[in-house]
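Input: a single structure, listed below in structure tokens.
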Amino acid sequence: MTDLFTPARFGAIDLANRVVMSSLTRNRAGPGNVPTPLVAEYYRQRASAGLILTEASPVCAEGHGYPRTPGIHTPEQIAGWRQVTDAVHAAGGRIAIQLWHVGRISHPDLQPGGALPVAPSAIRPAGQVFTGRGMKDFVTPRALETPEIPGLVETYARAARNAMQAGFDGIEIHAGNGYLLDQFLRSSSNRRTDAYGGSKENRARLLIEVLEAVSGAIGSDRVGVRLSPVTPFNDVSDENPQETFDYVVGRLNPLGLAFLDVLQGAGGEPRENWIPFDYARLRAIYTGNLVVNNGYDFAGGQEALRSGAADAIAYGRLLLANPDLVERFRRGAPLNAPDYDRLYTGEEKGYTDYPFLDRA
């Protein structure tokens, strides 16, 4: 019977177990948004997870929306990530990088030359962003011109090739949480009238083109994708999310991806507060490996696997605070609590200083 400790194969990636480390922004990159030896140690500590999904990593300078997020678009960043992958592989782990473009969730203070952030449409999101110079209101972004789209798609493909150069086992395309690809998918943020807007088919076009491009660059068996059908994070919504994401997931099947990673609910909210959505329909539609994410504990993860509702479970906060989570699950051991005050600050504090089980 399949459970959290059962090995798996996701495309070309062998997993020792079905515990996946969810992508978690930590804001610990060094100058030039380069991963540091401290970042390598953080991921090395968590290498017993079946698959690590790194923090989101911008595919280009324009894709950044927060300070100190490690990129994958310069030689220095590639070299920094190579230290990370070498450390994880030496510890017996597998690691995939999450490729990211924040779109409108940025600010001129974070953009090259102080330019406006780009988006599917010139619609300002509600809220503020931390720029490194304090909190500032989001601005009205610049709508991408249709002739710019092929260059954007190639940017993702180039980042995927960079990831292979950096030694990653695979990549995950971030198409959720209100960032650029999700902005194209959602009706609230996409008011385009060209081939990339309007119908659900058009709104999904960019994501499918990106997935085809990165699959062509590195092989579809090393490519995953993150979706978050109903999260309102970063001021996005959809008029008919079930219809939109049923269609999107159906379009993934012919691509032969390594996995689909679905953030259920709104992210961080208890299940009783989740926006209604039939995730079982996505499971019925998708023929590949499905990772589910958000609020699972040990018992919930075991049940999802044994019932066939998923092929692996992504854990975020639990793996953040328990680098040896797999062993703690195996032993039924107590869990460390996350240090929420140091999620995005403190360097090693709240990052690499969480205690392991006493193995004496």
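The values are calculated or read from the model by the stated rules, or taken from the named source; none is laboratory data. None of the values given here were measured: they were computed from a predicted structure. Every residue, glycine among them, receives a Cβ derived from its backbone with ideal geometry; neighbour counts consider all protein chains shown. Areas reflect the complete protein model, heavy atoms only, side chains present, ligands, DNA and RNA absent. Shrake-Rupley method; radii C 1.70, N 1.55, O 1.52, S 1.80 Å.
Ordered from longest to shortest, the equivalent ellipsoid semi-axes for the chain are 29, 24, 20 Å, each the square root of 5 times a Cα gyration tensor eigenvalue. Evaluating 6.51 cos²θ - 1.76 cosθ + 1.60 at θ = phi - 60° for every residue in segment 331-336, the Karplus couplings come out as 8, x, 7, x, 10, 5 Hz, glycine and proline recorded as x.
Solvent-accessible area per residue in the chain equals 38 Å², computed with a 1.4 angstrom probe and all protein chains kept.
Per-residue surface analysis assigns Thr2 an accessible area of about 50 Å², computed on protein heavy atoms at 1.4 Å probe radius. Once the cut-off is 17 Å, how many percent of the Cα-Cα pairs in segment 212-260 end up in the long-distance tail? Result: 44 percent of Cα pairs exceed 17 Å. Convex hull volume per residue, computed on the Cα atoms of segment 117-159, equals 86 Å³. For segment 50-64, the Karplus equation 6.51 cos²θ - 1.76 cosθ + 1.60, evaluated at θ = phi - 60°, returns couplings of x, 8, 8, 9, 5, 3, 4, 10, x, 7, 7, 4, 6, x, 7 Hz by residue, with Gly and Pro reported as x. Compactness check for segment 1-146: Cα Rg over 2.2 N^0.38 Å is 1.19.
Working value for segment 146-294: equivalent-ellipsoid semi-axes of 23, 19, 14 Å, each the square root of 5 times a Cα gyration tensor eigenvalue, largest first. The Cβ shell under 14 Å around Gly114 holds other residues with a net charge of +1, Lys and Arg each +1, Asp and Glu each -1. The Rg/Rh ratio for segment 287-355 is 1.04, where Rg is the radius of gyration of the alpha carbons and Rh is the Kirkwood radius.
Report the gain in length on full extension from Thr345 to Ser237: 0.36 nm times residue separation, minus Cα-Cα distance, nm rounded to one decimal.
Once the chain is fully extended between Thr345 and Ser237, it gains 35.9 nm.
Just the projected area, averaged over all directions, of the convex hull on the alpha carbon atoms of segment 208-360: how many nm²?
Result: a mean projected hull area of 11.6 nm².
When Arg330, Arg342 are compared by accessible area at a 1.4 angstrom probe, the order from most to least is Arg330, Arg342. For Tyr344, no residue 5 or more places off, or on another chain, has a built amide H under 5 Å of its own.
Largest mean-square fluctuation among Pro229, Pro37, Pro147, in a Gaussian network model of the chain whose springs join Cα atoms under 10 Å apart, belongs to Pro147. Counting only residues 5 or more places away or on other chains, whose amide H sits under 5 Å from the amide H of Val118 once H atoms are built in the peptide plane? Residues meeting the amide H criterion: Arg142. Using the Kirkwood radius over C-alpha pairs as Rh, can you work out the diffusion coefficient of segment 44-101 via Stokes-Einstein at 25 °C, viscosity 0.890 mPa s, in µm² per second? Rounded, D is 207 µm²/s.
Every Cα-Cα pair in segment 162-217 was counted, and those over 12 Å apart are 67% of them.
Just so you know, the averaged projected area of the alpha carbon convex hull for segment 104-212 sits at 7.6 nm².
Over the chain, DSSP H runs of length four or greater, each weighted -39,500 (n - 2.57), average out per residue to a 222 nm ellipticity of -8500 deg cm²/dmol. 3J(HN,Hα) along segment 297-307, derived from phi through the Karplus expression 6.51 cos²θ - 1.76 cosθ + 1.60 where θ = phi - 60°, amounts to 9, 4, 5, x, x, 4, 5, 4, 6, 5, 7 Hz, with x in place of Gly and Pro.
When the accessible area of the chain is computed with all protein chains present and a 1.4 Å probe, what percentage of it is carbon and sulfur? Here carbon and sulfur together make up 51 percent of the probe-accessible area.
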